[in-house]
1. When only residues in the range 231-266 that are within 21 Å of the chain's Cα centre (by Cα), under 16 Å from D283 (Cα atoms) and away from the ligand (no atom under 16 Å from the Cβ) count, which is surrounded by the most Cβ atoms within 10 Å (Cβ to Cβ)?
2. Of the residues L39, L33, which single one is in contact with a strand residue (DSSP E or B) (Cβ under 6 Å, 6 or more places away or on another chain), at pLDDT 95 or above and within 16 Å of the ligand (Cβ to nearest atom)?
3. Can you pull out the residues in the range 321-342 that are surrounded by fewer than 24 Cβ atoms within 10 Å (Cβ to Cβ) and more than 19 Å from K35 (Cα to Cα)?
4. Just to be sure I understand the filter: pairs with C-beta atoms under 6 Å, separated by 6 or more residues or on different chains, first member in the range 9-23 and of a type outside the set (D, E, K, R), second member exposed (fewer than 14 other Cβ atoms within 10 Å of the Cβ). Which pairs pass?
5. For the range 172-187, how many residues are in contact (Cβ under 8 Å) with a residue 40 or more places away in the chain and touching a Leu at 6+ places or on another chain (Cβ under 8 Å)?
6. When you scan the range 352-374, do you find a residue that is touching a helix residue (DSSP H, G or I) at 6+ places or on another chain (Cβ under 9 Å), more than 29 Å from D226 (Cβ to Cβ) and away from the ligand (no atom under 16 Å from the Cβ), even just one?
7. Which of (1) touching a strand residue (DSSP E or B) at 6+ places or on another chain (Cβ under 9 Å); (2) more than 20 Å from D49 (Cβ to Cβ); (3) touching a residue at least 60 places away in the same chain (Cβ under 8 Å); (4) of a type in the set (A, V, I, L, M, F, W, C) does I201 not meet, given it meets every other one?
Amino acid sequence: MEIREGLTFDDVLLVPKRSSIVTRSQTNLQTKLSKNISLNIPIISANMDTVTESAMAVAMAREGGIGIIHRFLTISEQVNEVLKVKRSGSVIIENPYFIKPDQSVKEAISYMKEKEVSGLLVTDSNSKLVGILTRRDIMFESEGTKLVKDVMTSDVVTAKPGISASEAKKTLQENRIEKLPIVDEKGLVKGLITSKDIMNIDNYPAASKDKKGRPLVGSAVGVKGDFMERAEALLEAGTDVIVVDIAHGHSDNAINTVRLIKKAFPTSELIAGNVATAHGAEDLIKAGVDAVKVGVGSGSICITRVITGSGVPQLTAVLDCAKIGKKYDVPIISDGGVRTSGDATKALAAGASTVMVGGMLGGTDESPGSPVMKNGKRFKIYRGMASFYASLGRKSKETGSVSISEDLNDYVAEGVEAMVPYKGSVTDIIKQLTGGIRSGLSYCGANTIQQMQENAEFMKMSRAGFAESQPHDVDLM
Ligand code: IMP
């Protein structure tokens, strides 16, 4: 048997090339997530229950990337996360939340809490706008005994359908209001514009958006049980891409799932993985995917290689799959193992169009969960989706209850539970990552990711070369 050599990020360096780039900002990180979706930065937050729910997905889209909502949620919970992302950044909220004038303020407050909104439109029985209820109106109504009609603002400034973003901004500014309902000539509500969403257009110029100007978001589904129903509900909620997520993506299960989803929803954008070989990538592409997710055993919390002995070092996996991706013009996502911007740059130079990141984005304000203290320092939980406790969570979502001795007695975990230092806002991490990738492009003499892939020359390094690459012979502060 011939034994091939597999390499990963720490085995190689990119050879510096002559560069005409004067500043990093000259570089362009635009790339393809999948056949029909483009991103402004090549970064995806991982579909993990300690990484991506709506808060992370919103932050990722604002910076120009995308987040994939994990699937260890009930269908309605996952749909709700997608809806929250979509509502967070649309210029016009198409279906604002309503309340009736005769409902109590108490009901209004709990509805606002449930939907995580700061205001409600008040409509009569003919669905005509009669008022607006904002935080200001209910600030001193903590008992909630009054009716909505007693405290709402009745003199509402409205706009007509078709108003432009700049006109809306002017109206909001001139009237010193935060919410502008769009109302047609019959008095029926056609949407809502908020000052926050209008300001976001200026605040996040590189944001990745769908055709309606809303943030892009993806959603993961599995290959068993409710995956068709889940995919349908997520697409209905407006998810831009479905990610078929299975540890061994080069399996009949994964291939059949891809075929079934593509057949039922032919216009949907579909990513599947994970694979680590050219054959794996080719089989998924032939089944109809729009991008292939590559990485078996590369994740920081992954013990697949320890438990099963199987996997491919990530750089080799990306190089092999990227050849196939190029042949069929299908983008490749390098998933797992990115610890630094240098790793991400190497993955992109090796042919990946994007990198999926878990651990680096975990431990941030936008990742699910609260910080915990250990030895006087703050941490957040970051765990593998195939870890014991993540599986426990999934089982109890599926069945409503779970018995460790019966349901998980023979469960063999392929991921670990871990903690990562609390890092504050994810935006700073993304800025560091993209800043490093931009510099990496410059070292390769490239303005774009595609140019870097054409110019890239990898050099294998020795252990001594690796040691020299790290800070050495100094005491780090
Ligand atoms: P990281 O960026 O190195 O932390 O890797 C994140 C990636 O690890 C995810 O996107 C998944 O592909 C992978 N992953 C997540 N959970 C598990 C697990 O429990 N076992 C193996 N791989 C996992």
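The values are calculated or read from the model by the stated rules, or taken from the named source; none is laboratory data. None of the values given here were measured: they were computed from a predicted structure. Methodologically, a virtual Cβ is constructed for each residue, glycine included, from the backbone with ideal geometry; neighbour enumeration extends over all protein chains shown. Note: accessible area is taken over every heavy atom of the protein model, side chains too, but ligands, DNA and RNA are not part of it. Shrake-Rupley method; radii C 1.70, N 1.55, O 1.52, S 1.80 Å.
1. I261
2. None of the others qualify; the one that does is L33.
3. R339, T340, S341, G342
4. V12/K460; L13/M459; V15/E457; V15/M459
5. Total meeting the criteria: 6.
6. Yes, the range 352-374 contains at least one residue that is touching a helix residue (DSSP H, G or I) at 6+ places or on another chain (Cβ under 9 Å), more than 29 Å from D226 (Cβ to Cβ) and away from the ligand (no atom under 16 Å from the Cβ).
7. Result: I201 passes all but (1).
One line per residue, one yes/no per condition, for (1) surrounded by fewer than 21 Cβ atoms within 10 Å (Cβ to Cβ); (2) in contact with a strand residue (DSSP E or B) (Cβ under 6 Å, 6 or more places away or on another chain); (3) not aromatic (F, W, Y):
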{"position": "E63", "(1), (2), (3)": "no, no, yes"}
{"position": "L73", "(1), (2), (3)": "yes, no, yes"}
{"position": "K86", "(1), (2), (3)": "no, no, yes"}
{"position": "Y111", "(1), (2), (3)": "yes, no, no"}
{"position": "K115", "(1), (2), (3)": "yes, no, yes"}
{"position": "D124", "(1), (2), (3)": "yes, yes, yes"}
{"position": "V130", "(1), (2), (3)": "yes, yes, yes"}
{"position": "T134", "(1), (2), (3)": "yes, yes, yes"}
{"position": "I138", "(1), (2), (3)": "no, no, yes"}
